[in-house]
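Structure first, commentary second.
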Amino acid sequence: MPTLKLNRTRREDAERTEEYYNALRTNIQLSGDSIDVISISSVQPGEGKSTTSVNLAIAFARSGYQTLLVDADIRNSVMSGVFSTRDKITGLTDYLTGKKDLSEGLCDTDIENLYVIQSGPVSPNPTGLLQSQNFNKMIDILRKYYDYIIIDTPPIGMVIDAAIIAQQGDATVLVVESGSNKRKAVEKAVEQLEQTGTSFLGVILNKVDTTMERYGSYGDYGNYGNYGKKAQKSKKKEKKKSKKVKEERSRSRRNRDKK
């Protein structure tokens with residue numbers, strides 16, 4: 001079995017964000033006992049779904065679970081920049097086209113309990129491959145050997161592949177870059193994932209600028225950023241009201257003393 005090495009930058013990123021992904025892992029586990037195969041998608045490319053997939057898989061693996069990361073973004077994979085190896089790799093498309101056995105595509109990594117299936121050569125008919133019985137069969141087989149399977153899928157806002165993949169899983173998660181999408185685009189993506197019949201766990205808001213004054217307000221998604229300001233205004237009003245009541249009571253006491 002070939003061994004993949006996580007590159008230094010990715011390893012440092014995983015260590016820096018370990019606490020956050022451990023929290024995400026825990027939330028997924030608390031969402032249900034039968035959630036073993038999780039698909040990760042985004043609205044458009046570049047929002048961080050692949051980084052999320054890798055770091056989430058690492059979080060499960062470091063917690064002692066046999067974890068498999070499947071790179072199913074067979075149109076535009078970025079995993080070649082995440083893991084490196086000198087070995088010749090058999091990918092997902094090699095298996096789906098019937099050219100190779102599934103066991104030849106499994107790769108070990110330098111992270112304990114973490115295994116990877118890379119995407120393989122670009123296919124002229126990626127949607128057809130993902131709809132094939134080979135893909136369904138693969139997921140059924142892999143369930144028997146791994147505690148958790150994390151599938152990095154193409155952006156749902158670009159192609160239908162993510163919805164096809166989600167149908168074979170137990171749950172889906174949508175990664176959204178803060179400020180990069182219109183509300184309708186995100187709502188449509190969520191709707192498409194929900195229509196697969198697979199449990200939709202929620203949205204991960206990524207690349208949030210925590211230094212922004214209006215942190216928490218995300219475009220048309222809500223006005224949570226004003227919550228703190230409204231609370232402060234409310235407190236100021238209460239203080240003024242309290243001060244006014246005290247002054248009136250003091251004035252009333254002075255009047256009684258005069259009498």
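Key figures
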{"quantity": "For segment 25-111, accessible area per residue (1.4 Å probe, heavy atoms of protein chains only), Å²", "calculated": "40 Å²"}
{"quantity": "Cross-link pairs 5/49; 137/184; 5/182 - those with Cα-Cα distance over 30 Å", "calculated": "137/184; 5/182"}
{"quantity": "Span from the segment 72-116 Cα centroid across to the segment 148-184 one, whole angstrom", "calculated": "20 Å"}
{"quantity": "Carbon/sulfur fraction of accessible area - segment 1-143, other protein chains in place, 1.4 Å, %", "calculated": "44 percent"}
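The values are calculated or read from the model by the stated rules, or taken from the named source; none is laboratory data. These numbers were taken from a predicted model, which means no experiment stands behind them. Just the protein is used for accessible areas: all its heavy atoms, side chains included, with ligands, DNA and RNA removed. Shrake-Rupley method; radii C 1.70, N 1.55, O 1.52, S 1.80 Å.
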